[in-house]
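Below you'll find the structure, written out as structure tokens, and then a few comments.
The values are calculated or read from the model by the stated rules, or taken from the named source; none is laboratory data. Bear in mind the structure is a predicted one, so any value in this text is a computation, not a measurement. Here the Cβ positions follow ideal geometry from the backbone for every residue, glycine too, while neighbour counts run over all protein chains shown. Note: areas computed on protein heavy atoms with side chains; ligands, DNA, RNA excluded. Shrake-Rupley method; radii C 1.70, N 1.55, O 1.52, S 1.80 Å.
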Amino acid sequence: MWNRDSKVRIEKDNNRTRRNKAWQLSIIAFSAIILLIALYTFNVRRSGYTVRREFLLDTYVTIAVNGKGSNADKLIDIGFSEIKRIDEKFNPLNEKSILYKINHAAGKWVKIDKETHDLIERSLYYSNISNDAFDITLGRLIGLWGFYSLSSTPTSIPSKDDISKCIASYGADKIELEKDRIKLRSNCALDLGGIAKGYAVDMAVLRMKENAPDITGYVDAGGDIRIMGKKYGTLPWSVGIRDPRSEDKSIDVVYLKGGSIATSGDYERYFFYKGKRYCHIFDPKTGFPATKAISATVISKNLVDADALATTVFVLGPIKGIQLLNQLGVDGMIIDKDKKIYKTKGFEYYEKRR
Ligand code: ADP
Ligand code: MG
């Protein structure tokens, strides 16, 4: 006769046999997975990465792709040609670019494609959430300060009068954007320098992934980096964040297995005038280069967002900048002019090698 206890025991025994089998199977499966990972890692490590560097987007762009030979070369070609396409399309100094056309339309409507519409719309989103600290209408101001001169660095600063006049030329309200056309107030000019780099890298990664879904590597556009999969398929990439006051030292290191990281600093493009540093990122409120931060780093999934946000929080400075990042649930680090470091709550997660 079965009482409740024995029944339970028999079931337990059955369970144990089943569990033993399940255990054996799991151990075999687990060993097989480990072996596969080891083989994959060994293979990827043996073939390593193909790395190429080109000057685009006004900086050095590096693409690293796993493997060697014509396949890797072809993928890198695809990446660079996409970056080139976007660089040409949104460079305000290129007479053939859509941006040049928009900026020289003298207050008339200009037809635009979806890509241009979407990038401008995204830029306006960042203006909107930052109370216009991020502003793509600063073209005249950037020109006035001499940052469009390719051959020389500025040697003086504009007069207060010229800056005031210029301030009247910009602002998100000077843009009328529709699905397939745009109109700017006549003396307003767009500059997408704070976001186009991130967008170009995202698109390059997209194109390469379309051709090689298992690709690993990264695209680094002057320190704005998008990771494509774990290093050797298993490891995080360690990314050094430059000490803003040293040529070769890192102030921090983060570990990324994917996603993007962008840094805006006052050490990228700047000049000194009467002992004072003037950089290429402007505070639209004052018409002068932003001074609340000397470096701002943002980590996010897409580089287009990290890029725009790094510029945004650079202008906002550490207090408002960290507040905005926390509000958006995005991690970042901002360094002020006394080299004091401010981080979002989640930033330390990336500082640990996992
Ligand atoms: P970098 O190009 O050095 O990585 P950023 O991503 O911060 O740095 O972009 C800086 C560029 O953004 C400037 O060269 C200029 O073209 C543009 N810019 C400057 N000030 C602003 C601003 N307040 N909002 C949006 N774009 C800006
Ligand atoms: Mg930026």
request  = Treat each spin label as a single point 7 Å out from the Cα along the C-beta direction, and report the D162 to N326 distance in nm.
outcome  = 4.1
message = Taking the 0 to 90 degree range and rounding to the nearest ten, how far is the long axis of helix 196-211 tilted relative to the main principal axis of the chain, both from C-alpha atoms?
response = 40
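Among the listed pairs K165/K320; K68/K89; K111/K197; K174/K276; K89/K343, give every one whose C-alpha distance is greater than 25 Å. Present the calculation step by step, with values, prior to reporting the outcome.
Values: K165/K320 28 Å; K68/K89 31 Å; K111/K197 23 Å; K174/K276 32 Å; K89/K343 35 Å.
K165/K320; K68/K89; K174/K276; K89/K343, as the Cα separations exceed 25 Å there.
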inquiry  = Under the 0.36 nm per residue contour assumption, what length would be gained going from the current alpha-carbon distance of E95 and N131 to full extension?
reply    = 9.8 nm
note = Note: E121 to Y255 extended length (0.36 nm per residue) minus current alpha-carbon separation gives 45.1 nm
request  = Please give the length that would be gained between Y60 and A105 if that part of the chain were fully extended, namely 0.36 nm times their separation in residues minus their C-alpha to C-alpha distance (nm, one decimal).
outcome  = 13.0 nm
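Would you please name the GluC sites (Glu not before Pro) within the range 90-193 that are DSSP coil residues with at most 11 other C-beta atoms within 10 Å of their C-beta?
On the way: sites: E95, E115, E121, E176, E178; in loops: E95.
For GluC sites (Glu not before Pro) across the range 90-193 that sit outside H, G, I, E and B with at most 11 neighbouring Cβ atoms in 10 Å, the list reads E95.
Give the relative contact order (percent, whole number) for the range 205-287; include only Cα pairs under 8 Å separated by 6+ residues. The partial results should precede the final answer.
Numbers: 116 pairs, mean separation 16.9, N = 83.
Over the range 205-287, the number comes to 20 percent.
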inquiry  = Using Cα springs under 10 Å in a Gaussian network model of the chain, which residue among K276, K174, K292 shows the largest mean-square fluctuation?
reply    = K276
ask   = Using modelled amide H (1.01 Å from N, peptide plane; none on Pro or chain starts), what sits under 5 Å from the amide H of L56, excluding residues fewer than 5 places away?
value = V61
query = In terms of solvent-accessible area of protein heavy atoms at a 1.4 angstrom probe, what is the ranking of T291, T312, highest value first?
reply = T291, T312
remark   = So, with points 7 Å from each Cα along the Cβ direction, the R269-L206 label distance in nm works out to 2.5
message = Compute the distance from the alpha-carbon center of the range 274-330 to that of the range 72-142, in whole Å.
response = 19
key: Cβ-Cβ FRET estimate between D73 and R53, R0 fixed at 22 Å, reported to 0.05   = 0.95
query = Could you give the angle, 0 to 90 degrees to the nearest 10, between helix 70-90's Cα long axis and the longest principal axis of the Cα atoms of the chain?
reply = 30
message = Given R₀ = 30 Å, what would the calculated FRET efficiency be for R185 paired with K340, taking r from the Cβ atoms and rounding to 0.05?
response = 0.15
note = Once phi for every residue in the range 256-267 is put through the Karplus expression 6.51 cos²θ - 1.76 cosθ + 1.60 (θ = phi - 60°), the whole-Hz ³J(HN,Hα) values, with Gly and Pro written as x, are 10, 9, x, x, 9, 9, 10, 10, 10, x, 8, 9
query = Between K230 and Y148, what FRET efficiency follows from the Cβ-Cβ distance if R0 is 41 Å, with the result rounded to 0.05?
reply = 0.55
ask   = For the range 161-167, what does the Karplus curve 6.51 cos²θ - 1.76 cosθ + 1.60, with θ = phi - 60°, yield as ³J(HN,Hα) per residue in whole Hz, taken in order and with x for Gly and Pro?
value = 4, 4, 5, 4, 4, 5, 4
ask   = Each residue of the range 150-156 in turn: what ³J(HN,Hα) in whole Hz from Karplus with 6.51, -1.76, 1.60 and θ = phi - 60°, glycine and Pro shown as x?
value = 7, 8, 9, 8, x, 10, 8
ask   = With springs only between Cα atoms under 10 Å, which of G229, G143, G171 fluctuates most in a Gaussian network model of the chain?
value = G143
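State, as an integer percentage, the relative contact order of the chain based on alpha-carbon contacts under 8 Å between residues 6 or more apart. Walk me through the numbers before you get to the answer.
Details: 644 pairs, mean separation 52.3, N = 354.
Relative CO of the chain lands at 15 percent.
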ask   = How large, in percent, is the carbon and sulfur part of the accessible surface of the chain at a probe radius of 1.4 Å?
value = 52
ask   = Dipole of the chain, Cα-centred, from +1 at each Lys and Arg C-beta and -1 at each Asp and Glu C-beta, to the nearest 20 debye?
value = 1360
ask   = How many Å² of accessible area per residue for the chain, probe 1.4 Å?
value = 54
message = Could you identify which residue out of W145, W237, W109 has the top mean-square fluctuation in a GNM of the chain using Cα springs shorter than 10 Å?
response = W109
task = Please report the relative contact order for the range 147-251, taking Cα pairs under 8 Å with a sequence separation of at least 6, and give it as a percent rounded to a whole number.
result = 12
request  = Relative to the longest principal axis of the C-alpha atoms of the chain, give the angle of the C-alpha long axis of helix 114-129, reported between 0 and 90° and rounded to the nearest 10°.
outcome  = 90
